[in-house]
Structure formats: structure tokens, C-alpha cells
């Protein structure tokens, strides 16, 4: 969503004579002046804040984004009734499942998402209120990922139930929840929180020299390594690569401070407004 507070007016001023210099000084003396950047030997770009702001864009409050894809948003919203709020925006949401182009559609209908796990792009899993699940596994077949989950957990579960039936009253809350979870949920939990790596067998039809043949491959299905986001120690918060907080994190770690304490310090840092649009390489020296 756009933040109208960040809108700027950029004015290009040529610096050819004293009259241009007076014009430049007049701009930087205004309260709305933010910063100036030299664009050439005789050209300067002056960035000015908006003197008045019109709130004509949606503002996100009390919500957090969990996962975003090309045509998919999964987010958490703190509200009394999300469906009542959606009904107030019939010009934005598809309320009747009419599949109208340009409208937001609730993929789960009235079924709330209770648990969700996001490992990488197009690799996620969530559990709905009715205990049903949905997963997305790019480049791995559904049959292969299900067989991997079954082979990873079913032998252990069957052996434990036969030898010693589970007394749920003696288990901790987290352990009791794991016994009730389906196999795919256990796979995502262990991959995200225990850094487990899972491999799945994939069978596909390949073609070479106009000859079709079956190929059986073993692919890395789930791995915590994310090539687009820096995942913090809580396994929930993540930062996109090139975010200025990551550079500050690296500088703190070099001073031999524990990673958990580093994350608390780094996320509490507020970058000064005059440096927000500067190059990331200049930020670390300002923080430490």
C-alpha cells in the first residue's frame, strides 16, 4: 500500500550562475526541504516534502503481512469481524464468488486460517478452522511430497502407538498439538523451526531428440534457506535482502554480541528521516 506521507516533489535546478544559486538556497530554506542530490556538474535535484497531504489511499493498521505472491496475499488482521469489514468494501472485494476480474477474492471463504507456514516463494502451508489443509509446493509433485511426509513420520508414529499408546494428559501443550497435526503440518514445522531438510521423489516425462521417457528424480522439497528474505531467530519475522537493518545486524554481530540480543537492538533502531533515502552502504557508519 502507498504511504502518502512519503510523497515528494523533486525539483531540478541548474547551477549556472548566481541567480540559480539563490533559487537553490531559497528551496533549501523551506520547512518542507528534505535533501538535495547532485545529478551532474551543473544540475541538482532538490527533494521537497508535501506541504499538504491528501489521504486518498488505504492505510494498513493492526495488521501484518504473512506471505505475498503475484496474485495472493496472506495476512493477519486484528479486528472483531473481518467479514463484516470486507462487506463494507463491495467495490474492492468479490463477495459473491463471481470471479470478477480486478476484485479481491477470499480463497478460504468463511473458513479462517488458524496456522500458516511460509518457507520460500511458492512454498507454503496453512491449516483452516475445520482442520483441512492446503499446501503449495513449486517444482515438486503433490504425490511426491505426500509420500515424503508419509515415509518421514508414519513409521515412527505407528511404532510409538503400538509399543506405548500416547497419554495426552501427560504431554505439554505443544507436544499434544503435534500429535493432532497432520503429516504435512509436521513437515513444515520441523523444516521451519528445526531446520530439517526434506527430499521428495518426483517422476516426470522428459523429451530428448523427440523421444519421450520417464525420469525419476530426488529433489530438495523443503529447506529453510530463503533466497529473498533474511529470517530472524523467531522464525516469524523476516527482512528482505538489502534492508538496512541487515547491515546493522552484521555490524553488531562482528562485536561478538549474541544474535538474539542483536535482533532486539537492531529492530529498535529508528533511521533518521534525512538518511532514509540514502544508499545502504552509508548507513552502517551512522548506526554503530
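Every number here is computed from the coordinates shown, using simple stated rules; none is lab data. Just so it is clear, the model here is predicted, and its values are computed rather than measured. Ideal geometry is used to build each Cβ from the backbone, glycine not excepted, and the neighbour counts take in all protein chains shown.
Placing a pseudo-label 7 Å from each Cα along the Cα-to-Cβ vector at residue 83 and residue 23 gives an inter-label distance of 6.1 nm. The calculated FRET efficiency for the pair residue 61 and residue 30, based on their C-beta separation and a Förster distance of 30 Å, comes to about 0.45. Model label points for residue 225 and residue 9, set 7 angstrom from Cα along the Cα-to-Cβ axis, are 5.0 nm apart.
With each label modelled as a point 7 angstrom along the Cα→C-beta vector, the residue 95-residue 235 pair spans 4.0 nm.
If you look at the Cα atoms of the range 1-151, you get an Rg and a Dmax of 24.7, 78 Å.
Here r is the Cβ-Cβ distance between residue 37 and residue 111 and R0 is 41 Å; the resulting FRET efficiency, rounded to 0.05, is 0.25.
Here residue 68 and residue 193 are evaluated by their C-beta separation; at R0 = 22 Å the FRET efficiency comes out at 0.50.
Put in line by how crowded their Cβ is, counting other Cβ atoms within 10 Å and starting with the fewest, 97, 20 read 97, 20. Sorted from longest to shortest, the spans of the Cα atoms of the range 63-107 along the three principal axes equal 27, 27, 14 Å. Compared with the alpha-carbon gap, the fully stretched path from residue 133 to residue 121 is longer by 2.5 nm at 0.36 nm per residue.
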